[in-house]
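Since the structure comes first, as structure tokens, the remarks are kept for the end.
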Amino acid sequence: MKFDVLIVGAGPAGLHAALVATQSGARVGLVDDNARMGGQIWRQGPRHRAGGRARTVLDGLDAQVHHGNLQVLTGTRIVQALPGRQLLAEAAQGGSLLGYDKLIVASGARERFLPYPGWTLPGVTGAGGLQALIKGGMDVQGQRIVIAGSGPLLFAAAVTARAQGARVVAIVEQARAAAVRRFAMQLSSTPARLVQALRMRYDLRDTPYWLDANVTEACGEGQLTHARIRRGHEAIRVDCDRLACAYGLVPNTSLGAMLGCRIDDGVPGSEAPAIVVDTGQATSVEHVYAAGECTGVGGMELAAAEGSIAAYAALGQRERAQAQFAERERYRRFATRLHAAFALDPRLRELAAPHTTLCRCEDVAFGDVAQHRSWRDAKLHTRCGMGPCQGAICGTAASFCFGWTPGAPRPPLAPTRIGTLLEIDKAA
Ligand SMILES: Cc1cc2nc3c(=O)[nH]c(=O)nc-3n(C[C@H](O)[C@H](O)[C@H](O)COP(=O)(O)OP(=O)(O)OC[C@H]3O[C@@H](n4cnc5c(N)ncnc54)[C@H](O)[C@@H]3O)c2cc1C
């Protein structure tokens with residue numbers, strides 16, 4: 001399969017890029033490893049149908065599929081970048097090679113997990129992870145849930161859980177009250193975000209929102225029964241059936257890094273490396289653009305504007321791209337304020353005990369990793385980061401806890417069938 005414009009990631013960035021690119025008459029491919037388009041915020045599932053802006057965008061793309069301008073490859077994961085502008089993809093039915101003239105990487109973000117005693121107990125997930133499970137059909141009716149960590153995603157996850165009949169016992173936010181208050185006051189410069197925040201706060205008016213607080217331990221024998229929480233100088237025990245805990249988002253740079261794109265420190269204060277792009281969302285690699293949260297976490301509106309700009313730029317329509325710059329700038333400023341308000345408390349580096357698991361794929365303890373000088377050294381001696389997730393979880397945690405820089409990922413990006421790898425022999 002060969003495309004004029006190939007887009008990896010069908011979240012708001014990739015979907016907006018596809019809308020622009022298909023309208024030019026180009027032959028467009030859109031790949032996503034989820035079963036349906038939507039990405040994270042617009043994730044569709046048995047318990048969640050897309051509405052509002054998401055519905056409009058998805059209907060627009062359905063029309064382009066109908067007209068033959070767009071080929072959507074869902075349930076398809078890009079596992080390797082190959083020379084000659086080709087990507088290796090894997091789907092249930094087998095592997096394939098996807099060729100492109102222009103590539104737009106819109107691979108989004110992942111949740112940041114930090115290790116603390118008990119964080120691998122059944123019943124503990126990320127905040128967005130809980131939301132994704134609920135949208136996918138998991139029943140939480142009547143369950144007591146603590147949602148913890150940092151950032152606005154905690155509220156989004158709480159709203160989703162509550163709408164499905166869960167009792168959200170508390171939202172536990174590590175940021176200080178003054179910082180969060182300042183951030184809330186500045187929301188008037190992004191009215192869409194202000195309305196969303198007010199609506200969520202109203203929906204959750206009966207739910208305690210604890211600031212300057214964090215989970216210190218998830219407890220239970222084989223299954224979560226309660227969480228221990230530090231709130232200011234107080235230690236609190238909260239009984240719960242589920243704990244959803246994550247410390248913000250980090251750009252998913254894996255594919256960009258494998259393509260050789262330059263990666264830098266990302267949005268100031270985010271402690272989260274991101275793919276570097278120029279004003280037209282072009283990366284440092286010719287013919288490769290990047291858009292959305294893989295270039296820095298800033299929310300749906302920013303991702304959508306960047307997706308449109310990347311597609312216009314890839315098609316050489318510079319003026320149309322420029323028309324979106326003001327919107328992008330507005331939401332980049334929002335992103336900077338977001339990261340300043342929810343900057344991680346350095347004390348979170350000390351939550352794990354020496355025996356706490358850091359790499360759950362390879363079962364490596366925090367204390368064993370801590371003895372080493374670098375991520376590479378720790379990997380070679382302990383196998384941390386060498387399991388199925390390839391360090392997506394523990395590598396991010398180690399870079400926060402120890403200040404290490406993980407190296408570029410090695411192919412394949414995810415566990416891949418041998419039959420798929422054999423497709424490489426057919427590459428041009
Ligand atoms: C778990 C989670 C839940 C979130 N929920 C909310 C919410 O409720 N409200 C909110 O305001 N914000 C939410 N966010 C923030 C949200 O990510 C952004 O606001 C927005 O979705 C970013 O859009 P995007 O297009 O950049 O990336 P995404 O929406 O993340 O889309 C990227 C897509 O690329 C796919 N992908 C990545 N790598 C590959 C590959 N190698 N091969 C194939 N496909 C690939 C991913 O599976 C994903 O579908 C959430 C984030 C996460 C991580």
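Any read-out appearing in this document is the output of simple, stated calculations on the displayed coordinates, not a laboratory observation. Small disclaimer: the values here were computed from a predicted structure and weren't measured. Cβ: placed from backbone, ideal geometry, glycine included. Neighbour counts: every protein chain shown.
Under a point spin-label approximation (7 Å from Cα along Cα-to-Cβ), what is the Arg167-Glu286 distance to one decimal in nm?
6.4
Can you give me the relative contact order of the chain as a percent, contacts being Cα pairs under 8 Å and 6 or more apart? Mind dumping the intermediate values first?
Working: 940 pairs, mean separation 78.5, N = 428.
It rounds to 18 percent for the chain.
Only Lys, Arg, Asp and Glu count, each charged at its Cβ (+1, +1, -1, -1), so figure out the dipole size of the range 124-245 about its Cα centre, rounded to 20 debye.
So the dipole magnitude of the range 124-245 works out to roughly 440 debye.
What aspartates and glutamates does Lys379 reach when the alpha-carbon gap must be under 20 Å and sequence neighbours fewer than 8 apart in one chain are set aside?
Glu362, Asp363, Asp368
Å³ per residue of the Cα convex hull, for the range 353-428?
Dividing the Cα hull volume of the range 353-428 by its residue count gives 92 Å³.
List the aspartates and glutamates whose Cα sits under 14 Å from the Cα of Lys102, skipping any in the same chain fewer than 8 residues away.
Within reach: Asp4, Glu286.
Cβ neighbours within 10 Å, averaged per peptide: list 360-367, 103-110, 349-356 in order, most packed at the top. Numbers along the way, then the final one.
Details: 360-367: 17.9, 103-110: 29.0, 349-356: 14.5.
Top to bottom by mean Cβ count within 10 Å: 103-110, 360-367, 349-356.
Suppose every K and R has +1 on its Cβ and every D and E has -1 on its Cβ; what is the size of the dipole of the chain about the Cα centre, in Debye to the nearest 20?
Values: 47 positive and 37 negative charges, 146 e Å.
That gives the chain a dipole magnitude of about 700 debye.
Taking the Cα-to-Cβ direction at His66 and at Glu234 and moving 7 Å from each Cα, how far apart do the two end points lie in nm?
Going from the His66 label point to the Glu234 one covers 5.7 nm.
May I ask for the angle, rounded to the nearest 10°, between helix 325-341 and the longest principal axis of the chain, with both axes built from Cα atoms and the value confined to 0 to 90°?
Taking the Cα atoms of the chain, the angle to 325-341 is about 20 degrees.
Rounded to the nearest 500 deg cm²/dmol, what is the calculated helix-only ellipticity per residue at 222 nm for the chain, with -39500 (n - 2.57) per DSSP H run of length n ≥ 4? All intermediate terms of the calculation are to be shown ahead of the outcome.
On the way: 14 runs with 139 residues, N = 428.
Estimated from H runs of four or more residues: -9500 deg cm²/dmol.
Can you tell me which aspartates and glutamates have their Cα less than 19 Å from the Cα of Lys426? Leave out same-chain residues fewer than eight positions away.
Cross-link targets: Glu90, Asp101.
So, in Å, what gap is there between the alpha-carbon centers of the range 46-71 and the range 286-300?
So the two Cα centres are separated by 21 Å.
What percentage of all Cα-Cα pairs in the range 97-222 are separated by more than 23 Å? Could you put the intermediate results ahead of the total?
Working: 3181 of 7875 pairs.
The share of Cα pairs beyond 23 Å in the range 97-222 comes to 40 percent.
Quick one: which residues, 5+ away or cross-chain, put their amide H under 5 Å from the amide H of Leu73? H built at 1.01 Å from N.
Amide H neighbours of Leu73, under 5 Å, 5+ apart: Leu30, Val31, Asp32.
To the nearest 10 degrees, how steeply does helix 12-23 sit against the main Cα axis of the chain, on a 0 to 90 scale?
That works out to roughly 10 degrees.
With Cβ to Cβ distances under 13 Å as the rule, what net charge do the other residues near Ser284 carry (K, R +1; D, E -1)?
Neighbourhood net charge equals -2.
Using 0.36 nm per residue, how much length does the chain from Arg318 to Arg330 gain when fully extended, once their Cα-Cα distance is taken away? Please report the intermediate quantities before stating the final value.
On the way: separation 12, 0.36 × 12 = 4.32 nm, distance 1.95 nm.
Result: 2.4 nm gained on full extension.
Just to confirm the number: angle between the C-alpha axis of helix 52-66 and the first principal axis of the chain, 0 to 90 degrees, nearest 10?
30
Based on the mean of other beta carbon atoms within 10 Å per residue, what is the order of 5-12, 72-79, 127-134, most packed first? The partial results should precede the final answer.
Working: 5-12: 29.0, 72-79: 20.0, 127-134: 22.8.
Going by the mean number of other Cβ atoms within 10 Å, highest first, we get 5-12, 127-134, 72-79.
May I ask for the distance between the Cα centers of the range 342-365 and the range 111-126, given as a whole number of Å?
Computed from Cα coordinates, the inter-centre distance equals 9 Å.
Which distance in nm do the two modelled labels at Gln141 and Ala370 give, with both placed 7 Å along the Cα-to-Cβ direction?
My value for the distance between the label points is 4.5 nm.
If you take the charge dipole of the chain about its Cα centre, with +1 on Lys and Arg Cβ and -1 on Asp and Glu Cβ, which of Gly151, Pro406, Ala314 is farthest toward its positive end?
Gly151
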